[in-house]
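Below is one structure; the comments refer to it alone.
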Amino acid sequence: LVREAEIIPVRIAVRNMVAGSMAKRFGVEEGTPLPRSIVEYYWKNDEFNDPMVTEEHITAFGWAAPQDIDDMLALSLRINDYLCGLFYSAGLKLVDFKLEFGRSYDENGEMRIIIADEISPDTCRLWDVETLKKLDKDRFRHDMDDIAEAYQEVARRLGVLPTNGPDDVSETKIMQ
Ligand code: UDP
């Protein structure tokens, strides 16, 4: 189940609506829809507070090759399409999320870019479609209550909340 990956030090944010750092940076109200999904790159570096970077920085500093960036971008947009549909069917808007990638080598030495990250309410902004209630890590960031209940609500709507212990997850399956 676990595969070794060489981590690419770039965090990708995919945004469908304005929220979080984008709202602050451009002074645009949270919840403003974007005419098309926006993909942003950040250099993963705590010392420098994960600054936003462009493709030029990524290739100039050798964090990833142009082909790696193409693969990460294509995967990010496919994942966004898939997740938007999945969450919408659970009554949730996928406002934005972040992804991290790695290089995985097969037995012949062939390299493939794979997601090397979790996807969860810790890494996504998820709002209820009707009430716009935040059901993600922003509850923690803004000192709001009911964080555990909000995460459980997301799991329940997706049909992956175990009610009788860890083996009680009928809907979950391993996906390639
Ligand atoms: N995000 C994350 N880890 C980080 C930074 C951001 O999971 O270290 C997620 C965040 O939850 C949101 C998306 O990436 O879904 C975009 O975050 P943003 O750039 O708005 O930064 P934030 O407001 O979270 O600091």
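The values are calculated or read from the model by the stated rules, or taken from the named source; none is laboratory data. Quick caveat, the model's predicted, so the values are computed rather than measured. Glycine gets a Cβ as well: all are built from the backbone with ideal geometry, and neighbour counts include every protein chain shown. Areas reflect the complete protein model, heavy atoms only, side chains present, ligands, DNA and RNA absent. Shrake-Rupley method; radii C 1.70, N 1.55, O 1.52, S 1.80 Å.
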Out of the stretch 100-142, which residues are more than 9 Å from the ligand (Cβ to nearest atom), of a type in the set (A, V, I, L, M), open to solvent by less than 50 Å² (accessible area, probe 1.4 Å) and under 19 Å from Ser21 (Cα atoms)? Leu135
Could you please give the count of residues in the stretch 8-39 that are over 16 Å from the mean Cα position of the chain (by Cα) and hydrophobic (A, V, I, L, M, F, W, C)? 4
Being more than 15 Å from Arg125 (Cα to Cα) and within 13 Å of the ligand (Cβ to nearest atom), is that true of even one residue in the stretch 57-70? no
Condition first: charged (D, E, K, R), at pLDDT 95 or above and open to solvent by 80 Å² or more (accessible area, probe 1.4 Å). Can you find one or more residues in the stretch 29-42 that meet it? yes
Being without any contact (Cβ under 8 Å) to a residue 60 or more places away in the chain, among the basic types (Lys, Arg) and outside any loop (DSSP other than H, G, I, E, B) is the filter here; which residues of the stretch 105-161 pass it? Arg112, Lys134, Arg139, Arg141, Arg156
